[in-house]
Amino acid sequence: MPNRVLIYTHPECTYSAALKDDLNTAGTKYEEVDLALHPEAWAEVEQFTGGDRITPVMLEDGKVTVGYYGVG
């Protein structure tokens, strides 16, 4: 069964765009929470980041990655 990938993004964040481009290029299916459309989800992001409002945040089978480091 493939990994479940959830990403929190913001349209003004170039790192969010880079992460989505990498995931699309790799053919990785993901669910996206656009924080501009769902500002209530910032509370979830803050739980994963220790209180910071940082994007992107990626959850993959329980592993949390804050920021963009490339997909590989």
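Would you mention how many residues in region 59-72 are without any contact (Cβ under 8 Å) to a residue 24 or more places away in the chain, surrounded by 15 or more Cβ atoms within 10 Å (Cβ to Cβ) and in a loop (DSSP other than H, G, I, E, B)?
Residues that pass the stated criteria total 0.
State which residue is nearest to Asn3 (Cα to Cα) when the search covers only region 14-55 and only residues that are touching a Gly at 6+ places or on another chain (Cβ under 7 Å) and not aromatic (Phe, Trp, Tyr).
In this case the residue turns out to be Asp22.
Please state which of the following conditions Lys63 fails to meet, knowing it meets all the rest: (1) modelled with pLDDT under 95; (2) more than 12 Å from the chain's Cα centre (by Cα).
Looking at each condition in turn, Lys63 falls short on (2).
Go through region 19-39 and give me each residue that's out of contact with any Pro (no Cβ under 7 Å at 6 or more places or on another chain), surrounded by 15 or more Cβ atoms within 10 Å (Cβ to Cβ) and of a type in the set (A, V, I, L, M).
Leu23, Val33, Leu35
How many residues are at positive phi and either assigned to a helix (DSSP H, G or I) or touching a residue at least 40 places away in the same chain (Cβ under 8 Å) (or both) if we restrict to region 1-58?
Counting residues in region 1-58 that are at positive phi and either assigned to a helix (DSSP H, G or I) or touching a residue at least 40 places away in the same chain (Cβ under 8 Å) (or both) gives 0.
The values are calculated or read from the model by the stated rules, or taken from the named source; none is laboratory data. Please read all numbers here as calculations on a predicted model, not as lab measurements. Cβ coordinates were reconstructed from backbone atoms using ideal geometry, including for glycine residues, and neighbour counts include every protein chain displayed.
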